[in-house]
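The values are calculated or read from the model by the stated rules, or taken from the named source; none is laboratory data. Note that the coordinates shown come from a computational prediction; the quantities given were computed from them, not determined experimentally. Note that each Cβ is placed from the backbone with ideal geometry, even for glycine, and that neighbours are counted across all protein chains shown. Heavy atoms of the whole protein, side chains included, go into the accessibility calculation; ligands, DNA and RNA do not. Shrake-Rupley method; radii C 1.70, N 1.55, O 1.52, S 1.80 Å.
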Amino acid sequence: MSALAGARAMPMWQALRTRDFRLLWASEAVSVVGDQFNLVALSWLVIDLTRSGLALGTILIAAGVPRAVMLLPFGVLADRRPPRNLMLVAHLARGVIVGAIAVMVASGSASLPLLALLGALFGAADALYMPAQQAFLPRTLEAGRLPSANALLQGTYQLLSIAGPPLAGAAFAVDSASFFAAALIVLLISARGAVPGRHPGEAIEAAEAAEAAEADGPAGRAGGAAQPTVTAGTEPQPSFGVAIRDGVRHVMGDPALRTTLLLSMVLNFALNGPAAVGMPWLAEIRFHAGPTGLGLLSAAWAVGALAGTLVAGNLRVRRAGLALLGSVLVAGVAMMVVGVAPWMPVVAIALAVMGIAIGYVNILAISWLQARVPTDMVGRVMALAMLMGFGITPLSLGLAGALIDLDATALFLGAGALVVLVGIAALLVRYPAAFDAPPPAMPARSG
């Protein structure tokens, strides 16, 4: 019982005290099976229809391009409209799209052009959902509970994704139903946010007030002031182009924010391609271990990422900037070890270490961004951050695929060295101190 009580007292569970987050968490868990649509079910269908890797690449690009292109406009929309409503629309749209795939498969009418069209629509719906979810969290939770929320969401996704692909391959109808079920859960979320629109400094004060109320018990909570309802302003809003420009200007005006997004872009460029292309190559070509070897390497990465997520959700460090940068350096060194390790168990350990580092960095950075940026700009700033990954990953995949057959060792060493060099450069410009410092005062913006 003492061990169970200790587990229940872990900081990672704090976000579950908020009803609306519990509902969001449940909807995410339900929709994970549907999320595997792009990863497994569609891939299987295209290969089965065409026997062509080029055709599969075409379908994946068809989904990826609208996702990347629409992130920023939908990020602006997430700042202007209730994120709950946008998440609801995105879930329903993805449910309809996957349902259409199920009908085509059942009727034998599936074709490559139709799959490309539906893939593009699915990518656009993804782009609507992602910034809306990111904007929803800081409007619902105090800043001190954001690491808990992000760790729970990411950890649940990683856990269920292990079992999700086989389920997704079973039937498109199951995928479609999962999105409709997730939409039903989102519909139960309160229409108003629990935390009013505020500036980052006010977020910290709100978190401290919430902690004090929890410490005082029911009486302390009852005595607190009621949370005001956020209402839309009556002033005319600027155009989408102006709103996006304001988001970019906000990022460029905050050195820590600017450097964090640059680090995100470098990490995605240096690690995503070599990891995605490299694991199958290492398992088959270097170690002759086949699918079993690939499963071992993939599991090592996944377990490490889950562990890093759990650490970030439960561990609070005073010098968060230094912890983040140290984890980036560890990831770079681990990638270099992958390139030179002569035995597959050593590679698996290195991938697990890299997974721990990246899992920790993801939760720490996302929670920091959500707390640092004013809530009326979270959608577009988080869209910019996600664009760093979605925009650069295709280039990373292409280069890794071209280079790995020429010199795999050089690919892994070069990728790891790039991460280490950028991490050292960030250290030299005093990035950890800027990360931990309050955000600079920003000039008035258009909206």
Anisotropy class of the range 354-395 from Cα gyration tensor, a/c 1.5 cut: oblate
Which percent of Cα pairs goes in each bin when the distances of the range 112-163 are cut into 5 angstrom slices starting at zero? 4, 16, 16, 17, 18, 14, 8, 4, 2, 1
Starting at the first residue of the range 122-130, write each ³J(HN,Hα) from the Karplus equation 6.51 cos²θ - 1.76 cosθ + 1.60 with θ = phi - 60°, in whole Hz, x for Gly and Pro. 5, x, 5, 5, 4, 5, 6, 6, 5
Based on the mean of other beta carbon atoms within 10 Å per residue, what is the order of 306-316, 181-191, most packed first? 306-316, 181-191
Distance in nm between label sites at residue 184 and residue 85, each 7 Å beyond Cα in the beta-carbon direction? 2.4 nm
Contour minus end-to-end for residue 237 and residue 106, with contour as 0.36 nm per residue of separation and end-to-end as the Cα-Cα distance? 42.5 nm
Leaving ligands, DNA and RNA out of it, rank 251, 337 by accessible area with a 1.4 Å probe, largest first. 337, 251
Tell me the label-point distance for the pair residue 395, residue 159, using the 7 Å Cα-to-Cβ offset, in nm and rounded to one decimal. 3.7 nm
